[in-house]
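The values are calculated or read from the model by the stated rules, or taken from the named source; none is laboratory data. Please read all numbers here as calculations on a predicted model, not as lab measurements. Heads up, the Cβs are rebuilt from the backbone with ideal geometry, glycines too, and the neighbour counts pull from every protein chain shown.
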Amino acid sequence: MNVMQRILIATSNPGKLRDLQGAARPLGLQVECIPNFANLPLVVEDGQTFEENARKKAEEYSLHVRGEVVLADDSGLEVDALRGEPGVHSARYAADEPHLADANTDDEANNAKLIREIKKIPPEKRTGRFVCVIVAAQDGKTLATFRGKAEGVILEGPRGTNGFGYDPLFYFPQIDKTFAELSAEEKAKYSHRGAAFREFLAWYRVNSALGN
């Protein structure tokens, strides 16, 4: 089977990199951050949807590694009883005005705010989902888009010490664990990011123009 041996990811988030490495490792693939990523101009994530942000990052960062296929993702948590919040603003949820914040707020603050909000909601209505959109781009142009999601329940308190973001509060009934109680490989099997990444791999395998 002909698959790429190296996948370049446009992210500075070690949790996202760990998630994708967990998904790629069983396939013998190597996931790496774009070389010198920290020194590249920051792409402002001002889109109104996950796809808009992922597309913008993938296209702009791919211009710095010509000829390479670059993946970028945007993801977040949608809580039904909170009208889909924190949604596209998941990483800035604890800010006074998340839609205007120009920097991410830390995981602890975001989780604390979510706990405050979820306690106002009856337990049977604390449903939500993680959503991830991955965009593959090359030389500034989008090649394809991939989406994954994971349905779960939001807890009042954290469980587990792995993962990042809202993982300790996201209970996955199918396996009776939160995402923070999973190894990177286990999380890749069940998570929104793992699902989107598997879609990318399936697309890549049949796209001979890029893969061979």
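Observations on the structure shown:
- All conditions in (1) over 21 Å from Thr127 (Cβ atoms); (2) in contact with a strand residue (DSSP E or B) (Cβ under 6 Å, 6 or more places away or on another chain); (3) at pLDDT 95 or above hold for Leu63, with the sole exception of (2).
- If you filter region 16-44 down to residues that are outside any helix (DSSP H, G or I) and either of a type in the set (S, T, N, Q) or in contact with a Cys (Cβ under 8 Å, 6 or more places away or on another chain) (or both), you find that the one that is modelled with the lowest pLDDT is Gln30.
- Condition check for Ser90: within 13 Å of the chain's Cα centre (by Cα) and either free of Cβ contacts under 8 Å to residues at least 12 places away in the same chain or surrounded by fewer than 16 Cβ atoms within 10 Å (Cβ to Cβ) (or both): no
- The residue that is surrounded by the fewest Cβ atoms within 10 Å (Cβ to Cβ), among those in region 166-179 that are of a type in the set (A, V, I, L, M, F, W, C) and over 17 Å from Ala91 (Cβ atoms), is Ile175.
- In this structure, Glu78 qualifies as under 30 Å from Glu124 (Cα atoms), buried (at least 16 other Cβ atoms within 10 Å of the Cβ), in contact with a Gly (Cβ under 8 Å, 6 or more places away or on another chain) and not basic (Lys, Arg).
- Residues in region 166-189 that are of a type in the set (Phe, Trp, Tyr) and not in a loop (DSSP other than H, G, I, E, B) were compared, and the one that is nearest to Thr105 (Cα to Cα) is Phe170.
- Answer residue from region 115-165, given it is part of a strand (DSSP E or B) and among the small types (Gly, Ala, Ser) and is surrounded by the fewest Cβ atoms within 10 Å (Cβ to Cβ) among those: Ala144
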